[in-house]
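The values are calculated or read from the model by the stated rules, or taken from the named source; none is laboratory data. All values reported here derive from a predicted model rather than from experimental measurement. Cβ coordinates were reconstructed from backbone atoms using ideal geometry, including for glycine residues, and neighbour counts include every protein chain displayed. The accessibility values were calculated without ligands, DNA or RNA, using every heavy atom of the protein model including side chains. Shrake-Rupley method; radii C 1.70, N 1.55, O 1.52, S 1.80 Å.
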Amino acid sequence: MIRDITIGQYYPADSILHRLDPRVKLSGTLIYIVCLFLVKNLWGYLIAALCLGAIIRLSKVPFGFIVRGLKTIIILLLFTVAFNLFLTSGTPIFEWKFIRITKEGVSLAFSMAVRLILLILGSSLMTFTTTPNQLTDGMESLLGPLKKLHVPVHEIAMMMSIALRFIPILLEETDKIMKAQQARGADFETGGIIKRAKAMVPILVPLFISAFRRAGDLAMAMEARCYRGGEGRTKMKPLKYHKPDGIAWVAIVCFIALTVVSRRF
Amino acid sequence: MAIILDKLDYVYSPGTAYEKHALKNINLVINDGEFIGIIGHTGSGKSTLIQHMNGLVKATGGTVYYNGADIYDEDYKLKDLRTKVGLVFQYPEHQLFETTVLKDVQFGPKNLGLPPLEVDLRAYDALKQVGIGDDLIDASPFELSGGQKRRVAIAGVLAMKPEVLILDEPTAGLDPKGRDEILDQIAKIHKEQKITVILVSHSMEDVAKYVDRIIVMNHGEAVYDGAPKEVFAHYKELEQIGLAAPQVTYAMHALRDAGIPVTTDATTVEEARDAILAWYREEKK
Ligand SMILES: Nc1ncnc2c1ncn2[C@@H]1O[C@H](COP(=O)(O)OP(=O)(O)O)[C@@H](O)[C@H]1O
Ligand SMILES: [Mg+2]
């Protein structure tokens, strides 16, 4: 079902990871992603996977719930694997008519797939453990220095948080509209690609209308509370580093070191 | 013997932090031609329950029979069921999408694969039943007032000629006049077409006036099921689960407590009047 799309959602639980400062989680995720691209061999992936596994355990978010997020990128994943598998040149290990699989292709397809999976799992873990509010607070604070260059950091952060907040709402709305049209005999499951595309109209039109209505309502509600952008705005709960955050930073540095070392094997 | 719900159980998002046991062991028989009210406060499982009746949601336990056939059987055609059990969602006006009122109402019958003439006939007929005049037929649905939009949306389901019509809080967010109009029209449709009607509401007052049977939902369970009089006799218990019996029930009990021996089972103002007059005549003799 449409509710299986879990990317960008928050998963409430009481864990060390949930309590961590969002700045640590944001920078940690970014570093993790960069490291994934620095990885050269199996050892590196093993380290990344083990670290991720440990963090998932710490987060208390059920593994099945995280994996479900992968369903949405399965097509992308298959394409990546297929492209790399069949279109990489090198020493052939398998040949049949026009299909040719090379040794380089296999290793490239494998590493791309692993990289993509680890990337999605890692970044969705961040949104699972961080509320949209914390996420934007963290981002605003990390990007703070850019304000000197007149980058509208607060506004960007606010836009992001609203977008994140709207994802589950719109999913729920889609679910409801789909059911309502199904109750009127609409059929989304059978037929060719054109018929299916046409069947989307009764979902998309009401969805857009409701998204605009919600956006209008939200803007009105924000204005009614005198929202006028980031200028001079203070926080009710300013971000503060605590002891676990320091420990997390040490762990992140260790991870970087391990990844760099793994490149030498 | 139209719809039978047998030990129905439903859990939303099982195995996650959002897990919610929305329906617990529901056993109900909905007979042909009945006019039923389903009542319960917000979150008691009313919407979830009715979505089982046309197969939009598959129960996590138990089963649903429609005219004797198990709707979860492999070869059962759920699409047919959905046309026989017409479901009008809450705020149905949010599902309008066509450029004109007429086209939107035609959507359902068209999906049934009916010939164009029949589609037109049914659409006009349905619009007439909900009191949308010819002048609005070619208007854009988005230009109409809230009450009109809702009636167009109801017509969209009626046009499929369902055997059972289920409406989820059809009066939510309407003014008293719009509310009475819609409820009167629904009552009329029930009377003239002799179809089963199920009305979901959280207002006792709305329901008491129209239905022959009330099902009370609380925390996913069907706690009371019976004629309005029987159900309202439990008005003290109803209060505890956040519902109120119609005001006349309280008035009649208050009269009785004050020493006036009226019957207390009146559910509408008219019945209350009759009961008081009956006592008064008796007294004068
Ligand atoms: N799509 C959903 N996902 C998860 N929980 C839901 C969903 N829809 C409803 N619920 C929950 O199930 C319970 C019953 O909801 P619902 O049937 O909509 O009640 P009602 O219509 O009586 O207000 C509520 O606690 C609600 O929060
Ligand atoms: Mg409801």
**OP:** Output the number of the condition that B:Ile30 fails; it satisfies all remaining conditions of (1) closer than 25 Å to B:Ile186 by Cβ; (2) touching a helix residue (DSSP H, G or I) at 6+ places or on another chain (Cβ under 7 Å).
**Re:** (2)
Subject >> Extreme residue, farthest from ligand 2 (Cβ to nearest atom), among residues of the stretch B:153-175 that are more than 25 Å from B:Asp120 (Cβ to Cβ), away from chain A (no Cβ under 11 Å) and within 8 Å of the chain's Cα centre (by Cα) >> reply: B:Pro170
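Mind listing whichever residues of the stretch A:188-214 are assigned to a helix (DSSP H, G or I), open to solvent by 50 Å² or more (accessible area, probe 1.4 Å) and of a type in the set (A, V, I, L, M)?
A:Ile193, A:Ile194, A:Ala197, A:Val201, A:Leu204, A:Ile209
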Original post:
(1) in the same structural domain as A:Thr72 (by TED's automatic domain parsing); (2) under 21 Å from the mean Cα position of the chain (by Cα); (3) open to solvent by 20 Å² or more (accessible area, probe 1.4 Å): which one isn't true of A:Glu104, the others all being true?
Top reply: (2)
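Quick grid of which residues meet (1) farther than 25 Å from A:Glu104 by Cα; (2) surrounded by 17 or more Cβ atoms within 10 Å (Cβ to Cβ):
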| residue | (1), (2) |
| --- | --- |
| A:Arg23 | yes, yes |
| A:Leu30 | yes, no |
| A:Ile33 | no, no |
| A:Asn41 | no, no |
| A:Ala48 | no, yes |
| A:Leu58 | yes, no |
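Has the stretch A:50-66 got at least one residue that is among the hydroxyl-bearing types (Ser, Thr, Tyr), within 18 Å of the chain's Cα centre (by Cα) and within 14 Å of another protein chain (Cβ to nearest Cβ)? Talk me through it step by step, then tell me what you get.
So in the stretch A:50-66, the residues among the hydroxyl-bearing types (Ser, Thr, Tyr) come out as A:59.
Still in the running and within 18 Å of the chain's Cα centre (by Cα): A:59.
This time we only want the ones that are within 14 Å of another protein chain (Cβ to nearest Cβ), so: A:59.
Yes, that holds for at least one residue.
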**OP:** Inspect all residues belonging to the stretch B:100-120 and state whether any of them is more than 10 Å from chain A (Cβ to nearest Cβ), among the aliphatic types (A, V, I, L, M) and within 20 Å of the chain's Cα centre (by Cα).
**Re:** no
**OP:** Would you be able to tell me the number of residues in the stretch B:27-69 that are free of Cβ contacts under 8 Å to residues at least 60 places away in the same chain, of a type in the set (Lys, Arg) and within 16 Å of ligand 2 (Cβ to nearest atom)?
**Re:** 0
Subject >> Unmet criterion (only one of (1) at negative phi; (2) modelled with pLDDT under 90) for B:Val64 >> reply: (2)
**OP:** Any residue in the stretch B:235-261 that's more than 14 Å from B:Ala275 (Cβ to Cβ): show its pairings with residues that are of a type outside the set (A, V, I, L, M, F, W, C) and surrounded by 12 or more Cβ atoms within 10 Å (Cβ to Cβ) at Cβ separation under 6 Å, as long as the two are six or more apart or on different chains.
**Re:** B:Tyr235/B:Thr249; B:Ile241/B:Asn218; B:Gly242/B:His41; B:Ala245/B:Tyr235
Original post:
When you scan the stretch A:157-187, how many residues do you find that are open to solvent by less than 70 Å² (accessible area, probe 1.4 Å) and over 27 Å from B:Val88 (Cβ atoms)?
Top reply: 7
**OP:** Starting from residues that are open to solvent by less than 20 Å² (accessible area, probe 1.4 Å) and over 18 Å from B:Gly156 (Cα atoms), keep the ones in the stretch B:66-87 and report whichever is nearest to the chain's Cα centre (by Cα).
**Re:** B:Tyr66
**OP:** Scan the stretch B:1-26 residue by residue and report those that are within 14 Å of another protein chain (Cβ to nearest Cβ) and more than 16 Å from ligand 2 (Cβ to nearest atom).
**Re:** B:Val11, B:Ser13, B:Pro14, B:Gly15, B:Thr16, B:Ala17, B:Tyr18, B:Glu19
**OP:** Specify the residue that is surrounded by the most Cβ atoms within 10 Å (Cβ to Cβ); the eligible residues are those in the stretch B:124-142 that are within 13 Å of another protein chain (Cβ to nearest Cβ) and touching an Asp or Glu at 6+ places or on another chain (Cβ under 9 Å).
**Re:** B:Pro141
**OP:** Would you confirm whether any residue within the stretch B:176-197 is over 23 Å from B:Ser145 (Cβ atoms) and within 16 Å of ligand 1 (Cβ to nearest atom)?
**Re:** no
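Quick one: how many residues across the stretch B:143-170 are open to solvent by less than 30 Å² (accessible area, probe 1.4 Å), under 17 Å from B:Phe35 (Cβ atoms) and among the charged types (D, E, K, R)? Full working, then the answer.
First, pick out the residues of the stretch B:143-170 that are open to solvent by less than 30 Å² (accessible area, probe 1.4 Å): B:144, B:147, B:150, B:152-160, B:162, B:164-170.
Then drop every residue that is not under 17 Å from B:Phe35 (Cβ atoms), which leaves B:154, B:157-158, B:162, B:164-170.
From what is left, the residues that are among the charged types (D, E, K, R) are B:168-169.
Total meeting the criteria: 2.
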**OP:** Say whether the condition of being modelled with pLDDT of 90 or more and within 16 Å of ligand 1 (Cβ to nearest atom) is met by at least one residue in the stretch B:77-88.
**Re:** yes
**OP:** Please report, ordered by residue number, the strands (runs of 3 or more DSSP E) entirely within the stretch B:1-65 with at least 2 residues that are open to solvent by 20 Å² or more (accessible area, probe 1.4 Å) and out of contact with any Phe, Trp or Tyr (no Cβ under 7 Å at 6 or more places or on another chain).
**Re:** B:3-12, B:20-30
**OP:** Tell me, yes or no, whether the stretch A:15-35 has at least one residue that is within 24 Å of A:Gln134 (Cα to Cα), within 14 Å of chain B (Cβ to nearest Cβ) and part of a helix (DSSP H, G or I).
**Re:** yes
